[in-house]
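Have a look at the structure below before the remarks.
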Amino acid sequence: QIRKLRRNNLGNNANKDILETPFGQVPILEIDGKPLAQSFTIARYLAHKFSTNYKISQILEILIFNLAGKDDYEAAVCDSIIDQYNDFINEIISYRRVALGFLEGDKDKLRQDVYIPAVKKHFPLFISFLKNNKSGFFVGDKLTWVDITLAHAFATMDKTDNELMKEF
């Protein structure tokens with residue numbers, strides 16, 4: 001049995017329930033009563049779980065979650081692209097914390113010194129996967145969790161920094 005816990009479905013004991021999670025935060029994917037934490041870990045788990053052979057009764061789940069790639073190599077390439085995206089996020093975290101108001105600092109200076117160089121370093125790498133693959137997907141010839149994750153990330157960035165994203 002799989003159940004995803006989010007802040008809005010924890011109920012009246014939300015704070016107590018969150019403190020009992022592995023990292024004291026949500027989301028949590030509960031698998032047979034055991035918690036699995038962290039968004040990317042949950043995404044990888046679901047992508048891998050539903051990319052293997054299952055009984056006919058699980059076809060619907062396979063159609064919905066078969067997002068890890070068609071074989072182990074494609075799954076590994078998906079993981080490598082997401083790991084690269086995580087490297088990007090780690091490089092810009094100081095900018096994001098200031099830009100979002102979590103820390104005080106010079107947002108404009110961090111944008112110029114941290115954010116823009118990181119975008120210019122990492123985005124050509126992501127774009128090269130799309131150009132080299134020729135299918136319109138990052139990996140293989142069908143939708144993977146990488147396409148969904150990066151499409152969401154890039155769309156969000158495009159809304160907040162349209163001029164910079166036009167380069168890509």
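The values are calculated or read from the model by the stated rules, or taken from the named source; none is laboratory data. Please read all numbers here as calculations on a predicted model, not as lab measurements. As a convention, Cβ positions derive from the backbone with ideal geometry for all residues, glycine included, and neighbour counts pool all protein chains shown. These area figures cover heavy atoms from the full protein model, side chains too; ligands, DNA and RNA do not enter into them. Shrake-Rupley method; radii C 1.70, N 1.55, O 1.52, S 1.80 Å.
I'm checking my understanding of the structure. Among residues of the stretch 16-70 that are part of a strand (DSSP E or B) and touching a strand residue (DSSP E or B) at 6+ places or on another chain (Cβ under 6 Å), which one is modelled with the lowest pLDDT? Working first, answer last.
Taking the stretch 16-70 as the starting set, the residues that turn out to be part of a strand (DSSP E or B) are 28-31, 34-37.
Of the ones still in play, those that are also touching a strand residue (DSSP E or B) at 6+ places or on another chain (Cβ under 6 Å) are 28-31, 35-37.
Details: Ile28: 75, Leu29: 78, Glu30: 78, Ile31: 79, Pro35: 80, Leu36: 81, Ala37: 79.
Out of the qualifying residues, it is Ile28.
Scanning the stretch 102-114 for residues that are assigned to a loop (DSSP other than H, G, I, E, B) and open to solvent by less than 60 Å² (accessible area, probe 1.4 Å) yields a total of 1. Does Gly140 satisfy being surrounded by 12 or more Cβ atoms within 10 Å (Cβ to Cβ) and over 17 Å from the mean Cα position of the chain (by Cα)? Yes.
Taken as a whole, the stretch 115-129 holds at least one residue that is within 21 Å of the chain's Cα centre (by Cα), closer than 24 Å to His48 by Cβ and open to solvent by 40 Å² or more (accessible area, probe 1.4 Å).
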